[in-house]
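These notes are about the structure you will find just below.
Since every read-out is calculated from the coordinates, none of them should be taken as a lab result. The structure presented is a predicted model; accordingly, all values stated were derived computationally and were not measured. All Cβ positions, glycine included, derive from the backbone under ideal geometry; neighbour counts span all protein chains shown.
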Amino acid sequence: MRVSALPRFWAFIVPIVSVVVALLIASVIIIMIGKSPIEAYTILLKGAFGSSSAIANTIVKTTPLILTGLAVGFGFRAGVFNIGAEGQMVMGALMATLVAINLGSVPPFIAITITLLVGMLAGAGWAAIAGYLKAKTGAHEVVTTIMLNWIATYLSSYMVQVPLAVGSGTPKSPEIAPSTKLPELLTVGAINMNAGIIVSIIAAILLYIILEKTTMGYEVKAAGFNPYAAEYGGISLSKNITMSMAISGALAGLAGAIELTGVHYRFLGTLSGGKGFDGISIALIGQNNPIGIIFAALLMGALRTGSNEMQFAGIPKHIVMIIQGIVIFLVAADRIVRTSMIIMDKKERIAQETKRFVKRAVILSIIIIVSMFLSKEGLWSFLGKFGYYVGKVFWVIELVSLLSLMIVVALYIISAVISLGMVYSRRKKVKS
Amino acid sequence: MKVLEALLSIFINPQFYKIALTASTPLIFASLGGVFSEITGVTNIALEGIMLLGAFTSIVFTFYTGSAWFGILMAVLVGIGFSWLHAWASIKWLGNQIVVGTALILIAQGITGFLMKPIFGRPGQTDFIGRINDISIPGLRNVPFLGEAIGEINPLVIIAFVSVFVSWFIIYKTTLGLRMRSVGENPEAADTLGINVYKIRYFGVLMSGVLASLGGAFLSVGETGNFKELMSGGRGFIALAAMILGNWNPIGAMLASLLFGASEAYANLLQSSKLIEVPASVKPLFNMVPFIVTLIVISGFIGKTRPPAADGVPYEKAE
């Protein structure tokens, strides 16, 4: 396999390009249901950062996402794909609830620490089942963690319906003891911003140190990078797999415990709502780097918060899932992005690529204009009902070529910026 | 004693066999799809997403045209298109197959959820749209036990069993099948012998798209006649487990699917058993049964099965 000459550089560029392309594709989907993407994205931005309560809400949403992102990202580094952060989060929250409702007489600092630790342990234990099975019997962790997700979901919905149930209406557990509630950093309107964000960021920094500066981190990375070589080098693979899954699960469990002690204050059975799966896209966008994951989580938190506002404007918030899916797809098959980027570092390359770009743009624009005319309502009415579909086909052609044009333009601009940056940095090197 | 009686009485209830068949059918289709893809060396975790999209597409086109069979045809086409994305990213661009598959599941969940409101006017689930009617088998209908169990059967169930044997024949008795298996075991050697590794792999993945979307279509137009968000509910993954348990063999996958389907049917019937009272609140515990069975089976039997040697490994032609 060819190794890229600029791994660091691509690690940075591929996720950005993927997000841009995903947003463009999503905008075409929004046009298809008859809404304006510009309006949609404005609402999304406003919903995420438009007011101080929106920002607080985004941060609250980001908190567990940092942790699930770290959970999946750490797994990737260690060579396991923890798709079960969802279930580990639920188990973390469930166990933390069982403890937290009984900690009324314990002073807050100790009570919070115990609750969060219990959450971490529960997540770790739940994930370690999958890790142990992989190490001992070779059962693929993707299948086992998915099964564990479903088991956790049904178990928790049973727990809130029968043993823990209080009140009527939505099934819920009793409220946790006041001493176990996370302190609030500030309150904006109806939003309480809890101290969980600090815990998350500390976790990210700790994980960065463990991964980059300790022997354990080195072993984990080695086992993930090339398991056979690592085993030959004296690293116990089965121990490593179980431990990596446990650490990954502990992070997800912590996310669940923080959601419990900082946001809901009671266990609702299904509190995760896709955060475990968000962790996958966050880890990939952040390129499994703890610091990158913080920013990727912020992006995803903003998308989640903003999409709630979009829902009011008639755009289903599932659009966020589609965006996420496209980003994961492109980051996983990063060669698609890499080959579509052109580095114009020489004069001839600039002329050549610009010519090609203009040619593509002109052709696409012509297709768009022609199909715009052909898709006009009533133009094909002489064909009857069939004519309606002919019009629709041209409408789809118009939208797809519009999308291609946008992607071509975006790629050209990004490539140009990168090329400029490279030329500039090279000059600087020559001078010094 | 009463509990034991209740537990055992399910086996002599013809309804059990009927429900078990119905529950197994989507798993049979999807696990066959998994076999086709993995035997050529491409892990297809996206089965879950393809199923969901198949269920959705078939309902949408049944809704527009009134014909459930046309809906199934469109579901197959969309399944091919969607699995082509998987093939394109993981065969041509050597993407991480498991991550690409996860992305496709998310996209399928997103698109089906997103389009619910524009097409059906409300999110969540649709009304009854239409389904493929069961056909009654003339000779069997009046036979006491069998008649009740399989006297009336959905044509898709029959198609599922037929495709098991067709797949077995293709994979083990034809040149194409031999090529598929050799590409999955040792792509370099197959390439040296002049087999086009990429084409064979594309074929495997696209076949998995056809079969998995048939499985999905069965969930909607074969069974309930409506579409619910996330209605595939983990069946794509159970199908993967069935494929593993069945040792990547169509007939093994069918038997494993029957086992999982039976465990689902068993849990269902136990909930409605007249011999023991099962409070509604305990229901979630019964829903866990198929997943626990899958987990136990996959971790207990895995040592005895063996995946194709090049399963999940992208193949890059040497230059």
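Observations
- Length gained on full extension, B:Asn196 to B:Glu229: 7.9 nm, using 0.36 nm per residue less the C-alpha separation.
- Amide H partners (placed H, <5 Å) of A:Asn194, local residues excluded: A:Leu185
- Global form of the protein assembly as shown, assessed from the alpha-carbon gyration tensor, a/c cut-off 1.5: rounded
- For the range B:28-233: rounded, prolate or oblate by the Cα gyration tensor [a/c cutoff 1.5]: oblate
- Relative contact order %, chain A, counting alpha carbon pairs below 8 Å whose residues are six or more apart: 27
- Relative contact order, percent, the range A:343-431 [alpha-carbon distance under 8 Å, six or more residues apart]: 40
- For chain B, the longest principal axis of the C-alpha atoms and the axis of helix B:289-301 are separated by about 40°.
- In chain A, the longest principal axis of the Cα atoms and the axis of helix A:290-312 are about 70 degrees apart.
- Pairwise FRET efficiency - A:Ser238 versus B:Asp134, Cβ, R0 = 51 Å, nearest 0.05: 0.55
- The helix-only estimate of mean residue ellipticity at 222 nm for chain A, built from DSSP H runs of length n ≥ 4 each weighted as -39500 (n - 2.57), is -25500 deg cm²/dmol after division by the residue total.
- Listed residue pairs exceeding 20 Å between alpha carbons, taken from A:Lys172/B:Lys283; A:Lys275/B:Lys92; B:Lys92/B:Lys199; A:Lys46/A:Lys317: A:Lys275/B:Lys92
- Gyration tensor (alpha-carbon) shape descriptor, the range A:7-337, a/c threshold 1.5: oblate
- Taking the C-alpha atoms only, the angle from helix B:175-185 to the longest principal axis of chain B is near 80 degrees.
- Counting only residues at least eight positions apart within a chain, or on another chain, the lysines with an alpha carbon under 17 Å from that of A:Lys347 are A:Lys355.
- Simple point charges give the picture: +1 on the Cβ of Lys and Arg, -1 on the Cβ of Asp and Glu, and for chain B a dipole about the Cα centre of about 120 debye.
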